[in-house]
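Student: The structure's right below; bear with me while I get my questions together.
The values are calculated or read from the model by the stated rules, or taken from the named source; none is laboratory data. Not measured: the values here are computed from a predicted model. Don't worry about glycine lacking a Cβ; one is built from the backbone with ideal geometry, like all the others, and counts go over all protein chains shown.
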Amino acid sequence: MLPEGLTYFAVQLYLTNMSHKPGIHAIIFWIFILGGIFVTDLLNSFQTWYLGYWASQYDDHDSSDVPVFQYVAFHDCQSSLWLTMT
């Protein structure tokens, strides 16, 4: 359902001209856009799981045995990748 005054032709024209060239360039453009959205959602879900996994290490091991620097470094790398993708 489109807002009043907006036609499907106008939406189609807008979306097909996002890549500046019709045809294969538009397909490649939308593959990158939708792929980027998918990857950022995947990284966001992985980040939540990883933080839970890290927290569970304190249940299974003594707190002095948990390699905090390793977990922080990996989390920082993953967060940097996520920020780059958004």
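Student: Give the number of residues within the stretch 20-46 that are surrounded by 12 or more Cβ atoms within 10 Å (Cβ to Cβ) and either among the aliphatic types (A, V, I, L, M) or outside any helix (DSSP H, G or I) (or both).
Tutor: 7
Student: Do we have Phe9 as over 29 Å from Leu83 (Cβ atoms), modelled with pLDDT of 80 or more and aromatic (Phe, Trp, Tyr) here?
Tutor: yes
Student: With Trp82, Trp49 as the choices, which residue is assigned to a helix (DSSP H, G or I), among the aromatic types (Phe, Trp, Tyr), surrounded by 11 or more Cβ atoms within 10 Å (Cβ to Cβ) and on the phi < 0 side of the Ramachandran plot?
Tutor: None of the others qualify; the one that does is Trp82.
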